[in-house]
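Remarks on the structure that follows.
The values are calculated or read from the model by the stated rules, or taken from the named source; none is laboratory data. Not measured: the values here are computed from a predicted model. Cβ sites come from the backbone with ideal geometry, for glycine too, and all protein chains shown count toward neighbours. Areas reflect the complete protein model, heavy atoms only, side chains present, ligands, DNA and RNA absent. Shrake-Rupley method; radii C 1.70, N 1.55, O 1.52, S 1.80 Å.
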Amino acid sequence: MNAPVLLAAEVARGFIGHAIGAIAGGAQYRRSSFLLDAAGEKLFPDFLHIQERPHIKGGMASAPFDAEGVATNDRDIVSDGVLQGYILSSYSARRLGLESTGNAGGAHNLLVAGNADGLSSLLKEMNNGLLVNELIGHGVNAVTGDYSRGAVGYWVENGQIAYPVHEITIAGNLRDLYQRIVAIGNDQDLRGGIRCGSILISEMKIAGS
């Protein structure tokens, strides 16, 4: 079936992380990214912003400089849904004819701003659909963006958790799925380098027995 899917915050950050991996300099110069040459493209809905804030006190990925000693700076990676640029080390920047963004070793504290309240509010907005609390397997093709993951969670009816589900698969293509994001909660998970709340996706393929 096709149905709405709500990714709880602890798995939502990984969903955004696939886009971050695809805009890393290494993936770009190797031509092995489903977001190849995507700078300037509208990849997400208008409300979605992704900011890099390397100097948050006590942040899990805070750093004054990257692994090559290049100073880190605040910047917007996605603004109004549009990709502003890539995540580059000095080496990958040279390969692409660009300048380092101070990201040797990865990104530093990515903030995905929410446009909704917490999980309970998103459950009501979804009404009927699947709440995913855990993802299983590594079924993500970084070149094509094809996405297929085992999932564990709950079926939701009339905005309320109805019963648990497991041994199912959720699938789609990441380029399409990013456009189908309809809401992001303010319940950010602060335990990693990507701070993102629960994500409501209007429709995904759900399969299982």
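For region 46-111, the set of GluC sites (Glu not before Pro) satisfying both a DSSP loop assignment and a count of at most 15 other C-beta atoms within 10 Å is given as 68, 99.
Compute the distance from the alpha-carbon center of region 1-28 to that of region 64-112, in whole Å. Taking the Cα centre of each part, region 1-28 and region 64-112 sit 18 Å apart. The angle separating the long axis of helix 9-22 from the principal Cα axis of greatest extent in the chain is about 40 degrees. Scanning the chain for trypsin sites (Lys or Arg not before Pro) in DSSP loops with at most 14 neighbouring Cβ atoms within 10 Å leaves 58-190 as the longest stretch between them. Put simply, the Cα atoms of region 91-209 extend 53, 31, 24 Å along their principal axes, the longest span coming first. The label-point distance for residue 207 and residue 155, in a model that sets each label 7 Å from Cα toward Cβ, rounds to 1.9 nm.
Modelled spin labels at residue 57 and residue 165, positioned 7 Å past Cα toward Cβ, are 4.5 nm from each other. When the helices of the chain are scored as -39500 (n - 2.57) per DSSP H run of n ≥ 4 and the total is divided over every residue, the value at 222 nm lands at -5000 deg cm²/dmol.
Counting only protein heavy atoms and a probe of 1.4 Å, the accessible surface of the chain is 49% carbon and sulfur.
Dimensions of the chain from C-alpha coordinates, computed as largest minus smallest value along each principal axis and given longest first, are 52, 35, 28 Å. Size check on region 1-112: the Cα extents along the three principal axes, sorted descending, read 48, 35, 21 Å. A 1.4 Å probe run over the chain, with the rest of the protein chains in place, finds 46 Å² accessible per residue.
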